[in-house]
Structure formats: structure tokens, C-alpha cells
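> Dropping a structure here in C-alpha cells format, bear with me for questions.
Readers should treat all values here as calculations from the given coordinates under stated rules, not as data from a laboratory. From a predicted model like this one, the values you see are computed outputs, not experimental measurements. All Cβ positions, glycine included, derive from the backbone under ideal geometry; neighbour counts span all protein chains shown.
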Amino acid sequence: MNIKSIFLVLISLGLCLHAISQTKITGTLIDSTYNRVLESATVSVYEQGKKAVDKVTLTDRYGKFEILGSASGKPLILELSLLGYDKLRIDFQLTANEKKDFGKFNMKQSVNEIEAIEMVPPVRMNGDTIEFNADAFELDSNAVVEDLLNKLPGIVVWGDGAVTYNGRPVPTILVNGKPFFGADMAIALQNIDKKAVNKLQVYDKRSREDKENDPEGKKLEMNVVLKEGKENMIFGNIGGGYGTDERYQSSMNINKSHTKAQTTVAYSGSNINKDLANIDQLLKNTTFKGIGINADFAPDFLRQGILEQHVVGGRYQYDFKGSATPNNQHIATGNITARWNRNNNENESSTILLNPESADRNSRSYSSTSEQDWRVQNGSFNYQHTDFTYNQGKRNSMYSGNVWMENSKNDNRNSSLTTYNYLNNQSSNNLNNTDETWRKGLNFNGSIQLEAKPNYMINGKSQLSFMDHMRVHLQVDGNFNNERADSYKLGDYVNFTDSSLDKKSERRYNNEQSNQYFNGNLLIRHKTFGIRNRINFNTREENSLVNDLVGTTLLQNNSLSHDSRFRQTQYEPSLEFYKTLKNKYLNGRYYYNLNLETSIGTRFFRNNNISTLDYRNLAQRFNSVLGSLALNYSYSKMGKFYSSHNLRYNYNEEYANLQQLRPIYDDISPGYRFYGAINPIKATGVHYISYNGYYNQERQHALSLNYNIGYRLYKNGLTDSLVYAENEQQNYTVQVPNDMYVLTFTTYLSKPFFIKKGQTLTLNMSVNANWGNKYQFVDGHMQEMINRRIGGNMSTYYTILNKFQVGWKNDLNFYKRHDKLATDAKNDYSSSTWNSGLAMAYQVTKRWTVNTSVDNRSNFSKFQDNHAVIWNANTTYRMLKGNNLELKFEALDLLRQNKGFYFNDGVTEFTTGYRNILTQYYMISLSYMPRKFGK
């Protein structure tokens, strides 16, 4: 069965599962006095004799409701409630797969206002915010917030951890109005005890002006409101494990919070290719709930080499207000980490030159071993002050800033052998390198956002002045870096056809470099126009001393030693215009908007390099006219779907950098030389046309579709010119007058299916493709390569709530290259890869869980095929009353098939090789999860 057939079978399977019969109840709520429909009324289903709600929803804009999957064969209660109206309760019972329409319910306005105010239904609308009452849903005693989300109407927790409400993504989650121990949602969702939660709020986080301009372009956010005193909490994870082949891992994170502050201390150490990027990643992968099949901090069996790593760090967050809300925050956060990495790498590869003449006799081989020690200390400070309170006469504002510092030392020892087996180059080069690099850096960014003042009318006239309508957005970023590098190289070059060219080199390098970078972007915008100014400064000073050991004497190498100073300035002023061509908003029915955006500006580009190496003295001057034009159309049908379409054109120019034009040649590797540009290089013009859009259904189990088509055309594009000269492969940068183009296409589709109570199936699919031409010269002959790539991935997750989860992921990529100007197909080439993974997590009991995964890796090419199957399995058992002591046994690479094969597609060559990687081992580990919510 081919891949296309598999995709069709899976889609058909999903649709069939979706079609499985289930119970359904429907109805409409009407105001009995005014005979109008009642929107956002709460509709709840209870089993008789139980206080916790079983199913709940809100009525739509037409007063209608629909509830799927209610229990059959049991006595049920339908409860209808809305602030200001008397509550209705109806007893009923469903048979298997029954579809029951209750018709219209006439609700009477409440006489007793006190009872109406005290009523707290399971779900309600509070202004523009939807609120879920956590205590209305019955869950296990050890449940967390994510378990609660699985019970809430409109919300879907996808198999990959993403959250949506009525089909719209919810990418961020706050706790009591502020970030919760980092940016990853899983830290809050999988750690906070459900019993500590008062309510959950879902709202549109955009500014007032953005909501007015696009009522249906919502950007959702969730806020978890804790019960009083529950913000005083402590949770974390302390654990370690030891395995065969002396494999080990250990980690610790302790997190403490009170009203104003959050504190984290963390440590991670292992020698099993677990590469920790930041503290968030550690917290996400050591949650109380457990990570199931979506771990991203796990032994990496595809990583080159063996990584031994130790990381220690801490984080402190302080809320100056002590009572932050989603639209009013005043928060500072500090992070510090110290990291030690040791990498041991081995690599062997073979490269074939892809040119028509004697390709089978033009190849090179490469082998290397290296050991790297990297020690780095990082520190960062972030400040954010947001005030979006919508007070009359006051601008909404946001101020943020971030400073990031680094101090590192890198020791690297490398030995490599390159052997050339070309028709005109029979040689080898053996290099032994020892490098030490010290680096210090400071990076910063900041932004200021001032919105227009809220508009208010007196006698039909706006009370705002011209300046009151102005919005100001300022963004700045930059860095200061200093680097010192000392290295020692031994080179042994052997020419197999002419021994007089043999050469041994012993060379020492001392290099110091300082860099400064600054970028600013200021936009001052009125309703219909904007003035934007972008400015960029980049400076670099370099002092390089290179000495060769000749006999017993160190002599300065004047072709490599140099002092240089580089300066680059880029300034872009532009005018932007915005025009609404068509707009209509009919509340409760539909909304559409068509607007035009255009900009015109210029760029002044200057750079200058002053060097003691004469050929590196270079100055460039470019004055460019830039522009863009865009049409944006959005259409929403209330309660059904929302969509957007964007058509854009823009023109840009690219410029060759110093390394492309005037590279420094180090003859310690004489078999290859990059010369840079021989002829003057003009600016490359880039025309880009794109069309993108999305379509999203607006319901709980919603279809979501995103797509993009782009066409990029290069005028005077840069390319390579290769010359296989006698005893040397030479490379030049050249500019071609012929147009080069790239056509790209991407699309993404996602759909969850509700099968029956507690069971869901989610399907994610994406396709990406590009088609373009690439000119290059080989020994003076021009080639036009037509390159085509198409890839796709598909993942599907089947979940039985809190019991069973299975996921299947597939990545498929095709590459094909055709030499358009050749008279035969000798230079044509194709390859493909297919990676497929099946993972399963099964909760046998509340304490015992089994996980397993099987990954298949396959590479196919014109020259070589490779296959490997990696099977990992683990089982965990929870102990103690709170399920917070975990024993885990892991068996990894059970089939012992993991291989470090790889290949690289190139326009002029093809490389295949092997690297050392992680292989089979077994491990047992124990972890304890302290947790306490409330004093």
C-alpha cells in the first residue's frame, strides 16, 4: 500500500468514527414576556442523585443548544438557567443513540433578584468573558486543571497538548492574571490541583481598537482563577535513574508561589542525549500528571554523538501589584542558568560529485572524531507593564524590556581526514585542531505600545483630537559581544600524483573580535496612514594574529594576520496607508471586511570594511526603493465559521555580504578554496507575491484549515561557480542575469472527532512543497537545475479520557533535481525519506501506566537505501496517597537497530554517511513530586 492510500484510509477511518451514533438533545430558549431568544443561557445535564454536572453548554445567538453524548438508560435532569430568569428543571431519560428535541422553553423573568445574583451555574457569560465554575464538575481526587478542561463545553485538549475553544486556538494560559512559572501551558494545566481552582475564564485578549476594527478576529487567552489562599503553593519533581552501559539521569525542580512572587530552582544531569534548552522544558516534562506520548525532553536517538549534560538554574518572578489581571500586569522576571555540555562525535561520509562527466569517478571521503566541552552561564531579566483597562480619556499602554547575558568557554579537539578522488585531484588532508573560545555577550530588546484614546461622543460629535487618534509602537533590540579564540592546527597534506606538493603545517591562531548591533522600528499610526522608520547599525572590530612554526621559529603569517573594522548602516523611512473598502457587521448573523494596505519607502544602505589586508578593503552603497500592496478580506458567519484571505505583493533588495565578496583563504586545507566574487556585484531584486488564508469552523470539534501560496522571483541573483582545477576544488560567487524563482505551497488541516463519551480522535495533516530553478556554473558550463521538493506530515491521536492514548506520526519528503540544459539524464537525481512513529500510553490502573513507542526511519536515494526501527518502552507505578512517588523502568532501542545514517542532497553533490549515536540501554528511576496548595 502506498502512502497516498494510507492517508485516504486514515481520513476515511476518522470520518467513519465520527459517524458513530450517539445521543443528542436539542432545544431553544425563549423569553416568555418579550418572545425573544435568550443567548448565552446555561444548559446543564445531571444524573439524578448527583451534584456534579455531566454535560453543559451555552445557547447560541439564536437561543439554541445541542448536547452530544449524554448517558442513555439513566434518569437525567436538564437544567436551564440565566441571570435574571427563573431556573427550569426537566426530568428525562434517553435510549441508546436517541436524538431528542425538546422544542422551545419559555423562561420567565425572575422576581427574586437576590436568588438570581447568588446563582453560580457551571458555565456563564460575564460580559465578554466566558466563565466555568470548577466546583460544578466532579473529578478524581488527584485531578489537575487539564482533567477539568476535558469536561468543559467548547474546549478541546488535543493529543499534542494544544488547547482550542470552539475551534479557536488558546495559545496562552495565565494563573490569577499572570504567567505561571514560565510560558508553557502544560506547567499550569498538569500541575495545579483541580480542587484549588475557583473558575476558568476565556476571553479575547486584543486591545479595544483591534476589537472594534475586526469584531470576529478573536485572539483567545485563558485565565485560571484560584480559590482564596491557594496561590500559596509548592510543587515540583525530584528524581534520578541509573542504567546499563553506565547511563544515568537526574533532575530536580522545586517551585514555590505566593501572592506576589514565584520562585523556581532546578537541576538536570544526564549522559543520554537529553539536551535541555531552558527551565520551562524541564518543568513541562516533569509534571504531576505525566507527559504521556508527547515528551520533548527525552533521550534523542537521532542526535549525532553522545551528549553528557549538566544544567543548574533558577527563576524569580515578582508581581508589583499583587493582584494582576489579564489586562493589567506589572511583572518582573529574572532567570539564571549554568550549563556544562560534553559531546563526543564520530563521523564518516562519502560524497559524489553530481556532474555529467564521470560522476562515478569524482568523489571524496571524510572521517572525523571530536570532543567538545562547553561551559556557559546565562542570565536574563524581563520587565512588563500592561494597562488595557479601557478608561475614558486614557491611552491603553504596554511597556516591556528584556536583557540577556552570556559568558561561555568552549574547548574543542578535532581530528579529520579528507581524501579527494577526483579526476584532476588525487590528494588527502589530515587536520588536527585544538580550539579554545571565550565569549561574553549582552543582548537587549524592548517595546513601547501606546493605543489611541477610547472614542466617546457628545451630541453625535467625537471628543477626540487628531493626536488622540494616534497609536505609537516602538521596538528596539541590539547586542554587544566580545569573543577571543585561540587555536592550534596541524595539517598534513599529501598529493598522490605530485609529491613535491606535499605540505605539513603547524599553525597558531589568536583572534579577538567585538560586535555591536542595534535595530529600531518606530511606527506612528493614525486611522488611515502611518509613518514608519527602521534603522540598523552593525559594527565589528577584529584583531587576528596567525603564526606558523617553521623549524623551531614562529613566524607571522601575513596573509592571514590582519586588523579590520567593519561598519554597516541601514535606514528605511516609509509611508503606510490603510483603507477599508467594504465593511458590514450584522450582530448575530455575519461580518465581513475588505481593506487595503500599501506602503512606499526607501532604503539607504552603507557598509565599509577597513583592513590591513588590501583586498578586504571594501565599501558598498545602495539606495533602494521598496514597496508593498496588500488586500485583506475576512468573513465570519456567527456560530458557524470564520475565515480570512490575504493577497500581498512586496519588493525587497538583498546585498552580498563581506564573506561572499572577499573571503580569507587559509591554505592549511589546500584541496578546497573559496575565492568570493571576481566581478562587481549589484543588488539582488526580490519580487514576492503571496496568497494565504484560513478557514475555521466555530464549534467544539471544529475543522481548521490554513494555507499559503508564494512566488519569489530573483533578479540578478547570486549563485556558485565551481571549478575542478588541478589539485584544487575552487568556488566563486557570481551573479547571473537570468531570473531565478521559487514557488512554495503550504497547507495545514486539523480536525478533532467526538466518538462517544470520553473518546476523541484528532487528525492533523500538513503538506509543503516548493518548485524552483537554480543556476550554477561547473567548469565554465552553465547548468539550470529544476529543484522540486514535496513533503507532508500527518499525526492522529485516539484518546479514551485519562485511560488510553495512542498517536501515529508520519513525515514523508520527496526531492527531485533535473538538469534542464543537459542532453541526457546523467545529472538528474531523486531521493525520499519516510519517518513513521507509533506511540501508546495506557493507564492500567490509577497508579500503573505503560508507555511504548516504535519509530521507523527510511531513506531512499539514487545511490543508497537505509532503514532502522527504534522500539522504546517504559512502565511507571505511582505510590503514596497522593500518587506523588513514581517508580519507572525503561527499555530503549529494544531491537538494537538504531543507526546513525544520513544523507544530504546538494545541487552539485550528494553525501551519505554514518555518525555515532545512542544505542540500546535499560534504566530504572525513582522520582518524588512534592505538592501543596494553600497554607
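> Considering the dipole of the chain built from charges on the beta carbon (Lys and Arg +1, Asp and Glu -1) around the Cα centre, which of V806, S690, N595 is farthest to its positive end?
Of the options given, the answer is N595.
> Tabulate in residue order the Karplus-calculated ³J(HN,Hα) for region 914-930, using 6.51 cos²θ - 1.76 cosθ + 1.60 with θ = phi - 60°, rounded to whole Hz; enter x for Gly and Pro.
9, 10, 6, 9, 6, 10, 3, 7, 10, 8, 10, 9, 9, 9, 10, 10, x
> Where does the charge balance sit around M638 when Lys and Arg score +1, Asp and Glu -1, over other residues with C-beta under 11 Å from its C-beta?
Numbers: positive: R61, R589, K637, K640; negative: E39, D60, E216, E698.
Every neighbour counted, the sum reads 0.
> Just rank I668, I610, fewest to most, by other beta-carbon atoms within 10 angstrom. List each step's numbers first, then the result.
On the way: I668 21, I610 13.
So the residues, fewest neighbours to most, are I610, I668.
> Compare the Cα positions of F65, M107, Y85 along the charge dipole of region 24-115 (+1 at Cβ of Lys, Arg; -1 at Cβ of Asp, Glu; about the Cα centre) and return the one farthest towards the positive end.
The listed residue farthest towards the positive side: F65.
> Using 0.36 nm per residue of separation minus the Cα-Cα distance, give me the extension gain between N213 and L801 in nm, one decimal.
Details: separation 588, 0.36 × 588 = 211.68 nm, distance 4.00 nm.
Between N213 and L801, full extension yields 207.7 nm more.
> Turning to a different aspect of this structure: Using Cα positions and a limit of under 16 Å, work out the aspartates and glutamates in reach of K394, with same-chain residues fewer than 8 apart set aside.
Straight-distance partners of K394: E209, E451, D468.
> Looking at this model, which pairs from K503/K826; K24/K87; K584/K756; K205/K260 are more than 28 angstrom apart at the alpha-carbon?
Values: K503/K826 36 Å; K24/K87 22 Å; K584/K756 39 Å; K205/K260 22 Å.
Listed pairs above 28 Å: K503/K826; K584/K756.
> Using the structure shown, select from K809/K888; K99/K194; K682/K715; K50/K932 the pairs with a Cα to Cα distance greater than 21 angstrom.
On the way: K809/K888 25 Å; K99/K194 33 Å; K682/K715 10 Å; K50/K932 28 Å.
Long pairs (Cα-Cα over 21 Å): K809/K888; K99/K194; K50/K932.
> Something else: What distance in nm separates the simple spin-label points at V723 and N793, each placed 7 Å from Cα in the Cβ direction?
Taking the two extended label points, one gets 4.3 nm.
> Considering only the other residues whose Cβ falls under 15 Å of the Cβ of V311, what net charge follows from Lys and Arg at +1 and Asp and Glu at -1?
Net of charged neighbours comes to +1.
> Once the other residues with Cβ under 14 Å from the Cβ of N510 are scored (Lys, Arg +1; Asp, Glu -1), what is the net sum? Walk me through the numbers before you get to the answer.
Values: positive: R484, K489, R507, R508; negative: D435, E436, E483, D486, E512, E542, D548, D563.
That sum, taken over residues with Cβ under 14 Å, equals -4.
> While we're on this one: Between Y928 and N738, take the C-beta separation as r, use R0 = 56 Å, and let me know the FRET efficiency to the nearest 0.05. Spell out each step's value before the answer.
Numbers: r = 66 Å, r/R0 = 1.18.
Calculated transfer efficiency: 0.25.
> Under a point spin-label approximation (7 Å from Cα along Cα-to-Cβ), what is the L629-T580 distance to one decimal in nm?
Spacing of the two 7 Å Cα→Cβ label points: 2.4 nm.
> If each of Y316 and E246 carries a label point 7 Å out from its Cα toward its Cβ, how far apart are those two points in nm?
3.9 nm
> Where the only charges are on Cβ atoms (+1 Lys, Arg; -1 Asp, Glu), what is the dipole of region 127-230 about its Cα centre, to the nearest 20 debye? Please report the intermediate quantities before stating the final value.
Numbers: 14 positive and 18 negative charges, 40 e Å.
That gives a dipole near 180 debye.
> Additional query: What dipole magnitude, in Debye to the nearest 20, does region 24-115 give about its Cα centre under +1 on Lys/Arg Cβ and -1 on Asp/Glu Cβ? Before the final figure, lay out each step's value.
On the way: 14 positive and 13 negative charges, 45 e Å.
Using Cβ point charges on Lys, Arg, Asp and Glu, region 24-115 gives about 220 debye.
> Apply 1/(1 + (r/R0)^6) to the Cβ-Cβ distance of D667 and V850, taking R0 = 60 Å, and write down the FRET efficiency to the nearest 0.05. Provide the component values of the computation, followed by the final result.
Details: r = 60 Å, r/R0 = 1.00.
Computed FRET efficiency for D667 and V850 comes out at 0.50.
> A further question follows. Taking the Cα centre of region 586-686 as the origin, how large is its charge dipole in debye, to the nearest 20, when only Lys and Arg (+1) and Asp and Glu (-1) carry charge on their Cβ atoms?
Values: 11 positive and 6 negative charges, 101 e Å.
The calculated dipole for region 586-686 is roughly 480 debye.
> Let me ask you something else. Residues with amide H under 5 Å of G717's amide H, sequence separation 5 or more or different chain, H placed in the peptide plane at 1.01 Å from N; which?
V736, M740
> Using only C-alpha atoms and all pairs of different ones, pull out the Kirkwood radius for the chain in Å with one decimal.
Averaging 1/r across every pair of different Cα atoms and inverting gives 32.5 Å.
> Starting with the fewest neighbours, write out K803, K108 ranked by other beta-carbon atoms found within 10 Å of each beta-carbon.
On the way: K803 14, K108 11.
Lowest to highest Cβ neighbour count: K108, K803.
> Under 1.5 on a/c is rounded, so check that first for region 540-583, then, if it is not, pick prolate when a/b is larger than b/c and oblate when it is not; a ≥ b ≥ c are the square roots of the alpha carbon gyration tensor eigenvalues. Let's see the in-between values first.
On the way: a/c = 10.41, a/b = 5.25, b/c = 1.98.
Cα axes put region 540-583 in the prolate bin.
> Turning to a different aspect of this structure: May I ask you to derive the relative contact order of the chain, considering only C-alpha pairs under 8 Å and at least 6 residues apart, and to give it as an integer percent? Please report the intermediate quantities before stating the final value.
Numbers: 2579 pairs, mean separation 80.3, N = 935.
Rounded, it is 9 percent for the chain.
> Straight distance only, please: which lysines reach the Cα of K820 with their own Cα at less than 18 Å, same-chain residues fewer than 8 apart left out?
Candidates past the 8-residue exclusion: K774.
> Nearest 10 degrees is fine. How inclined is helix 3-18 to the longest principal axis of the chain, computing both from alpha carbons?
The helix 3-18 is inclined about 10 degrees to the chain.
> Put +1 on the Cβ of every Lys and Arg and -1 on every Asp and Glu Cβ in the chain; which of N495, L718, L276 then has its Cα farthest towards the positive end of the dipole?
Of the options given, the answer is L276.
> On to the next question. Provide the per-residue ³J(HN,Hα) series for region 33-42, in order, calculated from phi with Karplus coefficients 6.51, -1.76, 1.60 and θ = phi - 60°, each as a whole number of Hz, with x at glycine and proline positions.
For region 33-42, the Karplus curve yields 7, 9, 6, 10, 6, 10, 8, 6, 7, 8 Hz.
> Give me H867, H469 ranked fewest to most by other Cβ atoms within 10 Å of their Cβ, as a rough exposure proxy.
Numbers: H867 13, H469 16.
Lowest to highest Cβ neighbour count: H867, H469.
> Rounded to whole Hz and in sequence order, give me ³J(HN,Hα) for region 668-674 from the Karplus expression 6.51 cos²θ - 1.76 cosθ + 1.60, θ = phi - 60°, writing x for Gly and Pro.
With the stated coefficients, region 668-674 comes to 6, 10, x, x, 9, 9, 9 Hz.
> Can you give the FRET efficiency to the nearest 0.05 for I336 and N916, using r as the Cβ-Cβ distance and R₀ = 30 Å?
Working: r = 33 Å, r/R0 = 1.10.
Rounded to the nearest 0.05, the efficiency is 0.35.
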